[in-house]
Amino acid sequence: MKSRSEMTILEHLAELRLVLLKVVVAVVLASVVAFLFGDKLLELLTQVSDPNFITNQWLCKLSSILNSPDLCINSHRLSFTNIELAGQFTLHIRLAIFGGAILTAPYSVTAIARFILPALKDKERKISIKFLIYSIVLFITGVAFGYFIIAPIAVHFLANYSLSESIANQITVQSFIRTVTQTVFAMGLSFELPLVVFYLTKWHIIEIEVLKRNRLIAIVVLLSLAAIITPPDVFSMIIVAVPLWLLYEVSIFATKWAKTKD
């Protein structure tokens, strides 16, 4: 058998195609399994609007202690509608694919990493493995924060927002699922910020002075964003704004650390 260094470009492409084919097959098989538990996946995503969801319960209890009714969110569970003939079936398929992709994510990442790592030098390989581990940990942390904190607050805000009293909110289940998954995924990506900044600084693409100089602007932007998506009380805004601000500060620390590693 040829070593990786002896393989031609076409042979590398053929191997990559095989790796991607294995990943696709794994996702398809996992999606079939996830299809059987479609109702459970749907319940997992919709329960962020349930009064019994842990975050909603905690905030409602805290609202009683602080005598701040606005702090109690999602006190009534939303009802969903479907306006498309094949809407529920399509949603079931999408949930199955989503579940299959999540279940096979560790295998997919490992398979692709095994294809790439042999082509790297020892130092590059160590950096890549660390980057992979840190990025996974940060992404999972961001997803958890998005699911347990941001999603319930965002759902409450959007479901109760009213431009005119003459317009009744009839929420389709598809739009709800799309909003929750996009919110959770966005927070997962947001938590990658310190790691991205670390490497951008290490490669001298950005400098720490830029981040420090724009700190006040960043704080104003983060507070404005938190004020928009949260209920009209200071505590909810702080719950969202503080972690985002901490990410920015961690990013500044990452730039300092990157300089010490040069």
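The values are calculated or read from the model by the stated rules, or taken from the named source; none is laboratory data. Predicted, not measured: the structure shown is a model, and the values here were computed from it. Positions of Cβ are generated from backbone atoms using ideal geometry, with glycine treated the same way; all protein chains shown enter the neighbour counts.
Residue 176 satisfies every condition listed in (1) in contact (Cβ under 8 Å) with a residue 60 or more places away in the chain; (2) among the aromatic types (Phe, Trp, Tyr); (3) in contact with a helix residue (DSSP H, G or I) (Cβ under 6 Å, 6 or more places away or on another chain) except (3).
Scanning the range 199-229 for residues that are under 24 Å from the mean Cα position of the chain (by Cα) and at pLDDT below 75 yields 199, 200, 201, 211, 222, 225, 226, 227, 228, 229. Pairing residues of the range 39-68 that are outside any helix (DSSP H, G or I) with residues that are among the charged types (D, E, K, R) and surrounded by 13 or more Cβ atoms within 10 Å (Cβ to Cβ), at Cβ distances under 7 Å and at least 6 apart in sequence or on separate chains, gives 50/77; 51/77; 68/233.
Enumerate the pairs (first residue in the range 179-195 and free of Cβ contacts under 8 Å to residues at least 40 places away in the same chain and over 19 Å from residue 242 (Cα atoms); second residue anywhere and among the β-branched types (Val, Ile, Thr) and surrounded by 19 or more Cβ atoms within 10 Å (Cβ to Cβ)) with beta-carbon separation below 8 Å, excluding pairs fewer than 6 apart on the same chain, so at least 6 apart or on different chains. Pairs that qualify, where the first residue is free of Cβ contacts under 8 Å to residues at least 40 places away in the same chain and over 19 Å from residue 242 (Cα atoms) and the partner is among the β-branched types (Val, Ile, Thr) and surrounded by 19 or more Cβ atoms within 10 Å (Cβ to Cβ), are 179/155. Can you find a residue that is farther than 30 Å from residue 13 by Cβ, in contact with a helix residue (DSSP H, G or I) (Cβ under 6 Å, 6 or more places away or on another chain), surrounded by 14 or more Cβ atoms within 10 Å (Cβ to Cβ) and in contact (Cβ under 8 Å) with a residue 40 or more places away in the chain anywhere in the range 109-118? No - not one qualifying residue is present in the range 109-118.
Okay, residues lined up against (1) modelled with pLDDT of 95 or more; (2) in contact with a Leu (Cβ under 7 Å, 6 or more places away or on another chain); (3) farther than 25 Å from residue 176 by Cβ; (4) of a type in the set (Val, Ile, Thr):
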residue: 4; (1), (2), (3), (4): no, no, yes, no
residue: 8; (1), (2), (3), (4): no, no, yes, yes
residue: 17; (1), (2), (3), (4): no, no, yes, no
residue: 22; (1), (2), (3), (4): no, no, yes, no
residue: 25; (1), (2), (3), (4): yes, no, yes, yes
residue: 28; (1), (2), (3), (4): yes, no, yes, yes
residue: 38; (1), (2), (3), (4): no, yes, no, no
residue: 41; (1), (2), (3), (4): no, yes, no, no
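Can you find a residue that is over 17 Å from residue 149 (Cα atoms), out of contact with any strand residue (DSSP E or B) (no Cβ under 6 Å at 6 or more places or on another chain) and small (Gly, Ala, Ser) anywhere in the range 58-68? The answer is yes, given that some residue of the range 58-68 is over 17 Å from residue 149 (Cα atoms), out of contact with any strand residue (DSSP E or B) (no Cβ under 6 Å at 6 or more places or on another chain) and small (Gly, Ala, Ser). Annotation note: Cβ proximity below 8 Å between a residue of the range 1-25 that is in a helix (DSSP H, G or I) and of a type in the set (A, V, I, L, M, F, W, C) and a residue that is modelled with pLDDT of 70 or more and loosely packed, with under 12 Cβ neighbours inside 10 Å (sequence gap 6+ or interchain) occurs for 19/114.
Hey, does the range 158-174 have a residue that's within 19 Å of residue 244 (Cβ to Cβ), β-branched (Val, Ile, Thr), more than 21 Å from the chain's Cα centre (by Cα) and surrounded by 15 or more Cβ atoms within 10 Å (Cβ to Cβ)? Checked against the condition, which is being within 19 Å of residue 244 (Cβ to Cβ), β-branched (Val, Ile, Thr), more than 21 Å from the chain's Cα centre (by Cα) and surrounded by 15 or more Cβ atoms within 10 Å (Cβ to Cβ), the range 158-174 yields no hits at all.
Quick one: which residue in 153, 140, 73 is surrounded by 12 or more Cβ atoms within 10 Å (Cβ to Cβ), modelled with pLDDT of 85 or more, in contact with a Leu (Cβ under 6 Å, 6 or more places away or on another chain) and over 30 Å from residue 13 (Cβ atoms)?
Values: 153 fails: in contact with a Leu (Cβ under 6 Å, 6 or more places away or on another chain); 140 fails: in contact with a Leu (Cβ under 6 Å, 6 or more places away or on another chain).
Going through 153, 140, 73 in turn, just one is surrounded by 12 or more Cβ atoms within 10 Å (Cβ to Cβ), modelled with pLDDT of 85 or more, in contact with a Leu (Cβ under 6 Å, 6 or more places away or on another chain) and over 30 Å from residue 13 (Cβ atoms): 73.
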